[in-house]
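Colleague: The structure is given below, and queries will be raised subsequently.
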Amino acid sequence: MKKHVLSVLVENHSGVLSRISGLFSRRGYNIDSLSVGETEDPTVSRMTIVADADESTLEQIKKQLNKLVDVIKIIELKEDTAIYRELALVKITADKKTRAEIIEIANIFRAHIVDVSKDSLVIEATGDQGKITALTSMLEPYGVKEIIRTGLTALQRGEKELKN
Amino acid sequence: MKLSDVLVRCLCEEKVDTVFGYPGAAVLAVYESLRTSSLHHVLVRQEQAAVHSASGYARTTGKVGVCIATSGPGATNLITGIATAYMDSIPIVIITGQVKLSLIGRDVFQEVDITGATEPFIKHSYLVKNAQDFPKILKEAFYIATTGRPGPVLIDLPMDIQEEQIDYIYPKEVKIRGYKPTIEGHVGQIKKIVKLLEHSKRPLVCVGGGVVLGNAADELKEFIYKSDIPVVHTLMGTGALPTFSEYNCGMIGLHGYVHSNWALKHADTILFIGARIADRAVANLGIFDENANIIHIDIDPAEIGKITSATIPVVGDAKSILKGLTSLIRKVDTLNWREEIESKKKIKEEVHPKDAVNPKLVVRKLSEMLNDQAIVAADVGQNQFWTMRNMEIKGSRKLICSGGFGTMGYSLPAAIGASIGNKDKQVVSILGDGSFQMSLFELGTLVQEGINPLIILFNNSGLGMVREIQRRNGDLKEHGVALSKNPDFTAIARAYGITAKTISDEKEIEAALDEALTSHKPYFLEFIVSDKESTL
């Protein structure tokens, strides 16, 4: 099964998220991540859903989503024509001895140190999922305390727009 | 104007004249507005019956069924009815009361999240948070319930919102950016279908409930007469074509006919119209030839490709697409193919236990005696197939049952709804002793409404269909299916003031039916059936 990134415009009111997540769970579709936020039009939210599905299941996912009255539009964003991004915050053990090394690794990944304390650092990183995974695996030996990832968000490249 | 008054006025605008409901603390304002309106309120005995009655009403009048219930248990009692209507795509608008907006989420008395609870099996739902939005929401609810693939829509209305003062402006039009059902079929696809059918040697049309709901029986007939293509139908497609049409090759599926299923298996091109290709109808995908061309027409795009992939998919309304097909199709030579299907008809001699009434014979007799406009509601279980297989479709007769969800207790409230919507028609409710006891309290509604349906109870002292499966399956033993201490059902009917009679001799069938049908009052006939009577 392949991962597919769906960008979905939905009505921006309460209950929509539960309708969509409910649809995935009751029809047995695998969802990797879902992120949502308001768009340039405050009555519309945009969701990025990463689903694990074969072609025919993907077709059904799109059709079932479209059946929801609150869903306005769906497009699939392919890797070569879209920008995929994810944000991660990583809290890592860092003392006097290791702090410099960790900062160096963060710099290589163009990540930022957003918090520092005696024994820890918080690193903020953005990038596609591969980059985030590479960063976290580099940081692992130092002692990762917590990781939070936003899930993928994506936008088409070029002039094309997803409008309702 | 008070919102609850606006509600009633908007219902009148939607040409609603009847609502099925049950009052409670959270809909008092609505009931006060109903009291002073021209709307007829049918007081059911339990909320589930309100939805079933609204379903029977909608299916036999072509109008939207409307139900009202209070918050909490009133709302949750609706649930089975809503799921039943959803599975069979019946247009129903449901209004539920809700606790005050400011109290939602605090687990106050009779609070339940009904929009959340019904979400998996409802076409759409609203929780009204802003009173001014209400007229637009109601307009949308009716529009969504009736257009595209019909279905139930629920509006949850907090008590304090019901009392708010709003302007009465009922919108004329509906515009929902996320909801635009496709009606017209794609012309290119229609041409492709015609070409494929004309080049097929063994073409077959399989019609489902979509043709009945889409009011496309006439268009189907024209298409069939012009093309000469034989037809099979699903349970929900019953009624799309007269039983004795030379083109009707019967019902497919688990409880269908051998020759109908044979036709489906041997067709080289199958045109599914408004059929979900559901498990009970097609049993498993091996039932048709894997090389067969599948043409799938449905108003719901999600039905196409859900079960099997289609050679030619077309999204749209059955009526409009059939018209398009008829205008282009030429006669296909199907004489041999039709004769072949006919030759597979097995005239099985009915073996039926002695000393008990044959329920199939009762249905056939009833079928002979009913007029062409009669409405028959079957329940779920053996009685359903005794009815669906033996009641002849002719004229404008309507047969209804709970197909997709298989909800026991459907028939009586559905027949009540049908009677209320069709005062001048013969209406019959056919039930088993199991299903009757799931809704028997609705006899109260029936009597209070002063309607005259005929109730036919096949009493085989148990849950016949499950019992039959347990007996026939070597791995199972009969358990939990006996209704051995059944009451005297006719005494119950009489207690409600309904004339009732028990028949245990086949010779009495005709006279009993005749008396019931000419009595012009509600009538209850109980037929004593053997527990060994089989479904088919």
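All of the numbers you see were taken from the coordinates with simple rules; none came from a lab. Quantities reported herein were computed from a predicted structural model and do not represent experimental measurements. FYI the Cβ positions are ideal-geometry reconstructions off the backbone, even for glycines, and counts take in every protein chain you see.
Colleague: As I understand it, the dipole of chain B uses +1 on the Cβ of Lys and Arg and -1 on the Cβ of Asp and Glu, about the Cα centre. Which of B:V357, B:L197, B:Y225 lies farthest toward its positive end?
Modeller: Of the listed residues, the answer is B:L197.
Colleague: Rounded, prolate or oblate: pick one for the range B:482-529, where a ≥ b ≥ c are the square roots of the eigenvalues of its C-alpha gyration tensor, a/c under 1.5 means rounded, and failing that, prolate if a/b is larger than b/c, else oblate.
Modeller: It is oblate, given that a/c is not under 1.5 and a/b is not larger than b/c.
Colleague: Let me ask another. Nearest 500 deg cm²/dmol is fine: what mean residue ellipticity at 222 nm does chain B get from its DSSP H runs of n ≥ 4 alone, each adding -39,500 (n - 2.57), divided by its residue count?
Modeller: -10500 deg cm²/dmol
Colleague: Whole-Hz ³J(HN,Hα) for each residue in the range B:51-62, computed from phi via Karplus 6.51 cos²θ - 1.76 cosθ + 1.60 with θ = phi - 60°, x for glycine and proline: what do you get?
Modeller: Values per residue, Gly and Pro as x: 6, 4, 5, 4, 5, x, 5, 5, 5, 10, 10, x Hz.
Colleague: Among B:P91, A:L68, B:W262, pick out the residue whose Cα is farthest towards the positive end of the charge dipole of the protein assembly as shown, where Lys and Arg carry +1 and Asp and Glu carry -1 on C-beta, about the Cα centre.
Modeller: In the protein assembly as shown, that residue is B:W262.
Colleague: What is the order of A:R26, B:R472, fewest Cβ neighbours within 10 Å to most?
Modeller: Arranged by neighbour count, lowest to highest, A:R26, B:R472 become B:R472, A:R26.
Colleague: If you don't mind, another one. Report, for the range B:359-528, the % of DSSP beta bridges that are antiparallel, rounded to 5.
Modeller: Counting DSSP beta bridges with both partners in the range B:359-528, the antiparallel share is about 5 percent.
Colleague: Turning to a different aspect of this structure: For every other residue with a beta carbon closer than 9 angstrom to the beta carbon of A:I132, add +1 if it is Lys or Arg and -1 if Asp or Glu, then tell me the sum.
Modeller: With Lys, Arg at +1 and Asp, Glu at -1, the neighbours total 0.
Colleague: As an exercise, take the mean of 1/r over every pair of distinct alpha carbons in the protein assembly as shown, invert it, and state the Kirkwood radius in angstroms.
Modeller: 28.2 Å
Colleague: Could you tally the net charge around B:P230, taking each other residue with its Cβ under 11 Å from the Cβ of B:P230, Lys/Arg +1 and Asp/Glu -1?
Modeller: Local charge sum for B:P230: -3.
Colleague: Less than 23 Å apart at the alpha-carbon level, and either on another chain or at least 8 residues along: which lysines does that give for B:K195?
Modeller: Counting by Cα, and skipping residues close in sequence, B:K195 has these lysines nearby: B:K221, B:K226, B:K265, B:K319, B:K323, B:K331.
Colleague: While we're on this one: When all C-alpha to C-alpha distances in the range A:2-77 are sorted into bins of 5 Å, what percent of pairs does each bin hold, rounded to whole numbers?
Modeller: Per 5 Å bin, starting at 0, the Cα pair percentages come out as 3, 16, 31, 29, 14, 5, 1.
Colleague: Taking the beta-carbon count within 10 Å as an exposure proxy, list B:S411, B:S53 from fewest neighbours to most.
Modeller: So the residues, fewest neighbours to most, are B:S53, B:S411.
Colleague: For the protein assembly as shown, with only Lys/Arg (+1) and Asp/Glu (-1) charged at the beta-carbon, what is the dipole magnitude about the Cα centre, in debye rounded to 20?
Modeller: Using Cβ point charges on Lys, Arg, Asp and Glu, the protein assembly as shown gives about 860 debye.
Colleague: Between B:Q470 and B:L328, what FRET efficiency follows from the Cβ-Cβ distance if R0 is 41 Å, with the result rounded to 0.05?
Modeller: 0.20
Colleague: If you project the alpha carbons of chain B onto the principal axes, what extent comes out on each, in Å, largest first?
Modeller: 70, 60, 46
Colleague: Report the charge-dipole magnitude of chain B in Debye, nearest 20, computed about the Cα centre from +1 at each Lys and Arg Cβ and -1 at each Asp and Glu Cβ.
Modeller: Using only the charged Cβ atoms, the result is roughly 980 debye.
Colleague: Which of the trypsin sites (Lys or Arg not before Pro) found in the range B:135-185 are loop residues per DSSP with 14 or fewer other Cβ atoms within 10 Å of their Cβ?
Modeller: B:K172, B:K175
Colleague: Just the number, please: percent antiparallel of the DSSP beta bridges in chain B, rounded to the nearest 5.
Modeller: Given both bridge residues lie in chain B, the antiparallel proportion sits at roughly 5 percent.
Colleague: Cross-link candidates for B:K501: which lysines have Cα within less than 18 Å, leaving aside residues fewer than 8 places away along the same chain?
Modeller: Result set, ordered by chain and number: B:K365, B:K521.
Colleague: What shape does the range B:353-464 have by the C-alpha gyration tensor, where a ≥ b ≥ c are the square roots of the eigenvalues, rounded means a/c under 1.5, and otherwise prolate means a/b greater than b/c and oblate the rest?
Modeller: oblate
Colleague: Further question: So for the range B:322-408, what are the equivalent ellipsoid semi-axes in whole Å, largest first, each being the square root of 5 times an eigenvalue of the Cα gyration tensor?
Modeller: 31, 21, 14
Colleague: Right, here's the next one. Under a Cβ-only charge scheme (Lys and Arg +1, Asp and Glu -1), can you give me the dipole magnitude of the range B:413-486 about the Cα centre, in debye to the nearest 20?
Modeller: With Lys and Arg at +1 and Asp and Glu at -1, about 180 debye.
Colleague: When A:S21, B:S461 are ordered from fewest to most other Cβ atoms inside 10 Å of their Cβ, what list results?
Modeller: With the sparsest Cβ surroundings first, the list reads A:S21, B:S461.
Colleague: Near B:G462, within a Cβ-to-Cβ distance under 13 Å, what is the net charge of the other residues, with Lys and Arg +1 and Asp and Glu -1?
Modeller: So the surrounding residues net to -1.
Colleague: Note down the Stokes-Einstein diffusion coefficient of the range A:1-153 in µm²/s, whole number, using a Kirkwood radius over alpha carbon pairs, 25 °C, and 0.890 mPa s.
Modeller: 142 µm²/s
Colleague: Hey, if you put +1 on the Cβ of every Lys and Arg and -1 on every Asp and Glu Cβ in the range B:435-536, which of B:Y496, B:A512, B:P453 ends up farthest toward the positive end of that dipole?
Modeller: Projecting each Cα onto the dipole axis, the largest value belongs to B:Y496.
Colleague: Nearest 5 is fine: what % of DSSP beta bridges in the protein assembly as shown come out antiparallel, could you say?
Modeller: 40 percent
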